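Peer 1: Structure provided below as structure tokens; questions to follow.
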Amino acid sequence: MKAAVVTFPGSNCDRDLAVAFEGAGFEVARVWHKDSELPAGVDVVGVPGGFSFGDYLRCGAIAAQSPISGAIRAHAARGGYVLGICNGFQVITEMGLLPGVLMRNATLKFVCRTVTLRVGTVQSDFTSAYTKGQELRIPVAHHDGNYTIDAEGLARLKGEDRIAFTYAENPNGSMADIAGVLSENRRVLGMMPHPERATEAALGSADGKGLFASLMRGMALA
């Protein structure tokens, strides 16, 4: 399986994400934001954390207009997998691949610590290696992670079982404690916490490793 990891000016978790994919057995290609096409044969696109374009305008808004964004949208439209983490979640939401928006944290402060997540659904190739309700220790590092959506959209996410992860203790004010959501076809995942920073016990937790292993297994069976 082949993963592409995109780098924007200000990305700072692109290497971490590439290493996490490689650890799960993926062949990884690195992609620059000014590229207009993804490498041939890409199965999953990883949009990493960081501060793309300095988080000017809205977080992820400028990155969502980069040349590579058209290729990412086309990849998702034909059923390809996309994983957006932290700033990557903001970017793919700005691209329209997921509903809702990421607002300033309710505390108006940058939050950087390890939090406890609960697995909301195992009905996706990103989460099938876990058990529903399983608690994971995963770090967060964001200033604009307050997931916001209208009442109708929230009801739809709940009704369609598309809330991938929730916070055990909400660090940012996100509606319904949401930490990660899935697209309608369940092949796009956006999440604020950083599973790529939790793939080895030496890093403080290996709980994020299951996400990448789950994705590899699910794609192999697809």
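Peer 1: How many of the residues making up segment 93-128 are open to solvent by 50 Å² or more (accessible area, probe 1.4 Å) and farther than 16 Å from His142 by Cα?
Peer 2: 4
Peer 1: Something else: Can you run down the residue pairs with Cβ atoms below 7 Å, 6 or more apart or on separate chains, where the first is in segment 48-65 and closer than 11 Å to Ile92 by Cα and the partner is open to solvent by 50 Å² or more (accessible area, probe 1.4 Å) and not hydrophobic (A, V, I, L, M, F, W, C)?
Peer 2: Within 7 Å, the pairs are Gly60/Glu94; Ala61/Glu94; Ala64/Glu94.
Peer 1: Ok, one more. Please identify the pairs in which a residue from segment 205-219 that is free of Cβ contacts under 8 Å to residues at least 60 places away in the same chain has its Cβ atom under 8 Å from the Cβ atom of a residue that is not in a helix (DSSP H, G or I), counting only partners at least 6 apart or on another chain.
Peer 2: Ala206/Ala198; Ala206/Thr199; Ala206/Glu200
Peer 1: Any idea which residue in segment 1-46 is surrounded by the fewest Cβ atoms within 10 Å (Cβ to Cβ), counting only those that are under 14 Å from the mean Cα position of the chain (by Cα) and not in a strand (DSSP E or B)?
Peer 2: The selected residue is Asp16.
Peer 1: Scan segment 193-209 for residues that are farther than 13 Å from Gly25 by Cβ and in contact with a Ser or Thr (Cβ under 8 Å, 6 or more places away or on another chain) and jot them down.
Peer 2: Ala198, Gly204, Ser205, Ala206, Gly208
Peer 1: Another question, if that's okay. Where residues in segment 49-80 are surrounded by 15 or more Cβ atoms within 10 Å (Cβ to Cβ) and aromatic (Phe, Trp, Tyr), which of them is farthest from Arg104 (Cα to Cα)?
Peer 2: Phe53
Peer 1: Residues in segment 129-177 that are under 30 Å from Glu200 (Cβ atoms), of a type in the set (Val, Ile, Thr), without any contact (Cβ under 8 Å) to a residue 60 or more places away in the chain and surrounded by 14 or more Cβ atoms within 10 Å (Cβ to Cβ): how many?
Peer 2: 3
Peer 1: I'd like to verify a number: residues in segment 184-212 that are surrounded by fewer than 18 Cβ atoms within 10 Å (Cβ to Cβ), at negative phi and in contact with a strand residue (DSSP E or B) (Cβ under 9 Å, 6 or more places away or on another chain), how many?
Peer 2: Counting residues in segment 184-212 that are surrounded by fewer than 18 Cβ atoms within 10 Å (Cβ to Cβ), at negative phi and in contact with a strand residue (DSSP E or B) (Cβ under 9 Å, 6 or more places away or on another chain) gives 2.
The values are calculated or read from the model by the stated rules, or taken from the named source; none is laboratory data. Note that the structure is a prediction, hence the values are computed from the model and not measured. With ideal geometry, Cβ positions are generated from the backbone for all residues, glycine too; neighbour counts draw on all protein chains shown. The accessibility values were calculated without ligands, DNA or RNA, using every heavy atom of the protein model including side chains. Shrake-Rupley method; radii C 1.70, N 1.55, O 1.52, S 1.80 Å.
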